[in-house]
Structures are given as structure tokens and as C-alpha cells.
Amino acid sequence: MASRGKRRVHFFHPLYGFSYWQICMAMVCADSRSLFNPCLRDGKEVRMKAARSLIVALGCIAAPALAQDTDLQEPGFGEISCLVEPGRHAALSSQVPGVIERIDVQAGVRVAAGDPLFSLMRDVESASVELERSRAAYASRRMQRNQRMIERNMLSESERDEIDTELRLARLQVNLANARLQQLTTRAPFDGWVSERLAEEGEFVDATPVLELVQLDPLRIEAALPLAAYGRIAAGDVIEVTLSSPVGQRYSAEVIHVDPVIDASSGTFALAMRLANPDEQIPAGIACELGGIVEGGDA
């Protein structure tokens, strides 16, 4: 968003060609002479009229200046607080109910996407995999024994189809048993940090969260802006953000979302920004304050 430089605003009288500044100053001079002249007859009434005229003249002078300040005013980001949050946050539970056999991580540990986090007891599922593998091996041996007869067309079409179908179904059952076994291990969905451990080994879990995982690069910043700023900020704009202690530095954050719905009760709208944190040195959960829009800035 381009910022507008200060400019002098002139108001010219359409008939006489004098600016309102010149007219107002003349009114002030004339009214002040009438107001403080002790030689006028009916001095009280004249002075009252002069005082009213002087007030109007001063208002005439102040109005363009106020209009100019209002016209040049940018959204008051400097007084708007915001909050730095993790870029992503997930409460991880198991895909299937069961008893926790092992938890591989502790709170405060960094993990990569795909790393195993915890596993459920798997005795039954492991036995099921072995059973299905045995069935598939038997179906494969049966196919091999009948292969020569199939090549010589010594088996009927129905018999050949039965043998082939039995083998394919056995292999599919092995895949299904392996998939059920894999469901017992929960892996990290993205790179991040384990922020909290909510369960222990030996506990039964269903949809109960076991671990909380957060992502610190990038971070997400959210703020509520006044209605006067709506339409002056768009996705892709870069805003200067001052982070509170323990960071205490300024950064540039990119606007990623402007809420199109206004909160009628507060007269505000939500703004979401993305803050790059490649070294993960900026912690989540700290307060911040919005600054101005950075011209041509890159977050």
C-alpha cells in the first residue's frame, strides 16, 4: 500500500480568487479590532458580535488543517497489539483405540515429518499379518503347482479363475493387515516441536490427545484492526511488527488473510500474518505491536 506524502491544501474562493486562508485572516484582524476597541458605542453588543465572528473565523482557519490531517492519517497500527502464535498446531491422537505401548519423544524435542512419535500394543495385529502372509504363500504355491496344467489348458475356465482370484485376495488381505498394523504407530505430520506430552505408556486412548506438536517456522501473527483500516490492507502487504520481550526487535510480516467479516460488536476485523523464523529463534506466545506498512518490503 503506497503511503501518501504531505501536501498543502488550498481552498480558493470561486468568485474573488482569494484563498480562504486570506479571507479568514482578514476576518480575524477585523473582528479582533472590534473586540478590543474601547471607543465603540454600544460596546457590549458590538463586542459580542465580534467575538462570535472571531470564533467562526478561527474555525475557518482550523478546518482545512483538520481536514488535511484526517486525509493523511494512516491506520493506527502503532497502538494495535497482536499475538505471535505457532504457524501450525496439532493435538495428536491415535487413529484406532488401544493401549499405549511406547512413547518415543518427550516435550521440548524437535521432530521431522514422518518421525514415529508413539505406538500402541500390536500383538494381535502382528499375528494377523503373519496369518495373512501364510495364506498368501499357500495361494502362491497352489498357483505354481497348477501353472503347467493352465498352460496346457487342462483346467476349466472356472478352475483357473478360482485359483487366480484366491491368490489376488490373499495378497490384498496381507496389504490390509499391514495397513492396520501401521495404524498403531503415530508419526509427525510436519516438522516441529513437541510442546506437551498428555498421556503415558500403559494408558488406554481412543480420541484422547497424546502429544501436542507445534511448528515455529513460519510463525503466525493475528490481530484485530479497527473498521477504519478495512480496505487499506490486502493479502501480500508487508507490515512492520515489533516483538516484545525477550526478543524486543522489529520484523517484517506478510499479510496472508484479511477477514471479510466485520465483528459488529467491536467494530473490528481479523488480520493474519506470516513471520519467517528460519532459525526458530523467535518463540511463540509473545505479544507484539503492529507498525506501518513497509513499502516494497519482503517478509
The stretch 142-177, subset hydrophobic (A, V, I, L, M, F, W, C) and surrounded by 15 or more Cβ atoms within 10 Å (Cβ to Cβ), residue farthest from PRO97 (Cα to Cα): LEU155
Could you please give the count of residues in the stretch 245-271 that are surrounded by 14 or more Cβ atoms within 10 Å (Cβ to Cβ), aliphatic (A, V, I, L, M) and assigned to a loop (DSSP other than H, G, I, E, B)? 1
Going residue by residue through the stretch 119-133, is there one that turns out to be open to solvent by less than 80 Å² (accessible area, probe 1.4 Å) and assigned to a strand (DSSP E or B)? yes
Members of the stretch 183-215 that are open to solvent by less than 70 Å² (accessible area, probe 1.4 Å), of a type in the set (A, V, I, L, M, F, W, C) and not in a loop (DSSP other than H, G, I, E, B): VAL194, VAL205, LEU211, LEU213, VAL214
If GLY236 passes every condition in (1) small (Gly, Ala, Ser); (2) at positive phi; (3) part of a strand (DSSP E or B) but one, which one does it miss? (3)
Look at the stretch 165-187 and say how many of its residues are under 11 Å from VAL129 (Cα atoms) and in contact (Cβ under 8 Å) with a residue 40 or more places away in the chain. 7
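Only one of these is within 30 Å of TYR251 (Cα to Cα) and touching a residue at least 60 places away in the same chain (Cβ under 8 Å): PHE190, PHE204. Name it.
Just a single option satisfies the conditions, and that option is PHE190.
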Report whether or not PRO218 is in a loop (DSSP other than H, G, I, E, B), in contact (Cβ under 8 Å) with a residue 60 or more places away in the chain and either among the aromatic types (Phe, Trp, Tyr) or open to solvent by 30 Å² or more (accessible area, probe 1.4 Å) (or both). no
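Condition check ((1) over 30 Å from ARG141 (Cβ atoms); (2) modelled with pLDDT under 95) across all residues:
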{"position": "LEU172", "(1), (2)": "no, no"}
{"position": "THR185", "(1), (2)": "yes, no"}
{"position": "ALA188", "(1), (2)": "yes, no"}
{"position": "ILE233", "(1), (2)": "yes, yes"}
{"position": "ASP237", "(1), (2)": "yes, yes"}
{"position": "VAL247", "(1), (2)": "yes, yes"}
{"position": "ARG250", "(1), (2)": "yes, yes"}
{"position": "ILE262", "(1), (2)": "yes, yes"}
Given the criterion surrounded by fewer than 20 Cβ atoms within 10 Å (Cβ to Cβ) and in contact with a helix residue (DSSP H, G or I) (Cβ under 6 Å, 6 or more places away or on another chain), identify the matching residue among ARG180, ARG274, ARG232. ARG180
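The values are calculated or read from the model by the stated rules, or taken from the named source; none is laboratory data. Just so it is clear, the model here is predicted, and its values are computed rather than measured. Methodologically, a virtual Cβ is constructed for each residue, glycine included, from the backbone with ideal geometry; neighbour enumeration extends over all protein chains shown. The accessibility values were calculated without ligands, DNA or RNA, using every heavy atom of the protein model including side chains. Shrake-Rupley method; radii C 1.70, N 1.55, O 1.52, S 1.80 Å.
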